[in-house]
Amino acid sequence: MGIEGLAKIPELRRRILYTLFILAVYRIGVHVPTPGIDAQALSQFFTEAKGTILSFFNLFSGNALRRLSIFSLGIMPYISASIIFQLLTVVVPHLERLSKEGEAGRRKITQYTRYATIVISLIQSFGISAGLETMRSPAGAPIVLDPGIGFKLMTMITLTSGTAFIMWLGEQITEKGIGNGTSLIIFAGIAAGLPSGLYNTVSLIKTGELSLFGFILILALMVAVIAFIVAMERGQRRIPVQYAKRVVGRKMYGGQATHLPLKINSSGVIPPIFASSLIMFPATLATFTKTPLMQEINAFLQPGGILYNVFFVALIVFFAFFYTAIVFNPVDVAENLKKFGGYIPGIRPGKNTADYIDQVLMRITSGGTLYLAAVCVLPTILIAKAKVPFYFGGTSLLILVGVAMDTAAQIESHLLSRHYEGFIHKAKMRGRRV
């Protein structure tokens with residue numbers, strides 16, 4: 001059942017249209033400016049800030065930071081809060097108990113995450129407002145029209161409210177739409193910058209600042225990276241599983257051979273998103289603070305630098321292993337196999353099976369982390385050296401392709417489930433007629 005079946009499934013069609021509507025609301029909000037800002041001076045300032053952490057942050061906010069819109073902070077404070085509580089769940093006994101209490105416990109942790117999002121948003125918005133008061137455009141014009149405590153409070157309230165609204169939009173997509181709301185909002189923000197980036201590239205080709213051969217080479221690199229991402233995201237290690245025969249009443253069950261699929265990249269696009277979010281938080285504060293210590297941090301966290309890339313790769317590796325350990329528990333898998341009479345040939349059931357699965361998972365995750373690091377860092381370095389006029393590195397490609405594949409997989413699962421439901425319904429109707 002292909003994509004043409006979307007028109008035949010009202011529920012799926014409603015979910016897709018609802019998702020598109022929420023994303024449209026988000027894109028409209030990106031164009032609503034925060035009061036008290038000289039928009040032209042701010043735009044000139046960002047023109048001179050290409051290739052810095054500001055342009056990187058602006059990319060993930062969907063070009064909202066360049067306008068200092070109400071959505072300037074984007075969804076990143078919520079992601080930062082999620083990271084914090086996922087880490088605390090491992091070390092804080094109360095949070096660990098809540099995570100094991102099912103849906104009620106998860107709702108409580110989600111509530112704590114929302115509170116932490118507000119706190120992080122207030123800190124970031126204060127840093128942005130304080131920094132903007134000290135900045136001027138390349139022509140010397142002040143960015144803030146009326147600096148002072150009133151501007152700071154207004155900016156903090158506006159940007160924090162915008163982040164809270166984006167957080168709510170993402171949750172609505174996850175519950176009532178299709179796909180993961182947080183990932184789709186980041187996807188929409190990155191994709192919105194592609195048309196202007198391509199237009200600027202064509203303009204540079206016309207003026208001779210970028211050669212046609214260089215553009216073709218970069219385009220070929222992007223296509224190769226996309227193909228590599230698709231291949232690796234679909235790659236998996238299949239562990240053979242055999243089910244023993246068992247008799248229930250007068251019927252015999254089991255005896256079939258199957259496999260346990262382990263993805264090369266079980267964590268998806270979460271590691272680069274988490275890593276980018278953690279880097280952006282201190283880097284944003286450092287950008288708008290003029291103390292010597294913060295300026296050193298700002299220089300350390302500039303995208304494309306050696307130290308930045310080392311730090312970025314280290315965070316990707318950490319979150320890849322950390323998130324894989326959260327979403328996949330070998331002990332639970334081994335217990336379920338044992339409960340239903342399944343076993344891995346040559347491996348004793350129980351603890352030995354769990355150890356074997358964990359060993360295989362760690363090996364393929366090691367390869368997965370190398371793939372993530374290579375995709376996120378290498379194209380960024382090459383594009384920075386080629387002086388491409390828009391920040392469209394491996395992290396962006398990975399998020400775009402990964403989120404698109406996950407959303408397409410959810411749509412396909414809806415199509416298949418409805419297809420089988422219709423098949424079963426028709427079979428029952430035929431049975432009744434007979």
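The values are calculated or read from the model by the stated rules, or taken from the named source; none is laboratory data. All values reported here derive from a predicted model rather than from experimental measurement. Neighbour counts run over all protein chains shown; Cβ positions are idealised from the backbone, glycine included.
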List every residue pair whose Cβ atoms sit under 7 Å apart, with the two residues 6 or more apart in sequence or on different chains, where the first one lies in the stretch 192-209 and is closer than 13 Å to Arg27 by Cβ and of a type in the set (A, V, I, L, M) and the second, anywhere, is in a helix (DSSP H, G or I) and modelled with pLDDT of 75 or more. Ala192/Arg27
Conditions (1) outside any helix (DSSP H, G or I); (2) among the aliphatic types (A, V, I, L, M); (3) under 30 Å from Thr207 (Cα atoms); (4) at pLDDT 80 or above; number of the one not met by Val388: (4)
With at negative phi, without any contact (Cβ under 8 Å) to a residue 24 or more places away in the chain and surrounded by 17 or more Cβ atoms within 10 Å (Cβ to Cβ) as the only criterion, which of Leu98, Leu132 stands out? Leu98
Sort out which residues of the stretch 199-211 are in a helix (DSSP H, G or I) and of a type outside the set (D, E, K, R), and write them in order of number. Tyr199, Asn200, Thr201, Val202, Ser203, Leu204, Ile205, Thr207
Complete set of residues in the stretch 299-325 that are touching a Phe, Trp or Tyr at 6+ places or on another chain (Cβ under 9 Å) and modelled with pLDDT under 75: Phe300, Leu301, Gln302, Pro303
Could you please find all residues in the stretch 338-354 being within 28 Å of Phe319 (Cβ to Cβ) and either modelled with pLDDT under 85 or charged (D, E, K, R) (or both)? Lys351
When the residues of the stretch 281-293 are filtered to those that are modelled with pLDDT under 70 and not polar (S, T, N, Q), which remaining residue is farthest from the chain's Cα centre (by Cα)? Lys290
What residue, among those in the stretch 244-280 that are at pLDDT below 80 and assigned to a strand (DSSP E or B), is farthest from Asn336 (Cα to Cα)? Lys251
Every residue from the stretch 335-354 that is surrounded by 15 or more Cβ atoms within 10 Å (Cβ to Cβ) and not in a helix (DSSP H, G or I): Gly341, Gly342, Tyr343, Ile344, Ile347, Pro349
Just need a number here: residues in the stretch 325-334 that are in contact (Cβ under 8 Å) with a residue 12 or more places away in the chain and assigned to a helix (DSSP H, G or I). 6
I need every pair where a residue in the stretch 260-271 that is on the phi > 0 side of the Ramachandran plot has its Cβ under 8 Å from the Cβ of a residue that is among the basic types (Lys, Arg), sequence separation at least 6 or different chains. none
Looking only at the stretch 64-77, decide whether some residue is outside any loop (DSSP other than H, G, I, E, B) and closer than 24 Å to Leu315 by Cα. yes
The listed residue being within 21 Å of Val375 (Cα to Cα) and in contact with a helix residue (DSSP H, G or I) (Cβ under 9 Å, 6 or more places away or on another chain), out of Leu219, Leu159, Leu204, Leu184: Leu184
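For (1) at pLDDT 85 or above; (2) surrounded by 18 or more Cβ atoms within 10 Å (Cβ to Cβ); (3) in a loop (DSSP other than H, G, I, E, B); (4) touching a Lys or Arg at 6+ places or on another chain (Cβ under 6 Å), each residue gets a yes or a no:
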{"residue": "Tyr356", "(1), (2), (3), (4)": "yes, no, no, no"}
{"residue": "Thr365", "(1), (2), (3), (4)": "yes, yes, no, no"}
{"residue": "Leu397", "(1), (2), (3), (4)": "no, yes, no, no"}
{"residue": "Val403", "(1), (2), (3), (4)": "yes, yes, no, no"}
Suppose we filter the stretch 11-50 for residues that are at pLDDT 80 or above and either outside any helix (DSSP H, G or I) or over 27 Å from the mean Cα position of the chain (by Cα) (or both); how many remain? 12
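Take residues that are under 16 Å from the mean Cα position of the chain (by Cα) and tell me which of the helices (runs of 4 or more DSSP H) falling wholly in the stretch 102-198 contain 3 or more.
Values: elements: 103-133, 149-176, 181-191.
Helices (runs of 4 or more DSSP H) meeting the threshold: 149-176, 181-191.
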Give the stretch 345-361 a look and list any residue that's among the aliphatic types (A, V, I, L, M) and in contact (Cβ under 8 Å) with a residue 40 or more places away in the chain, or say none. Ile357, Val360, Leu361
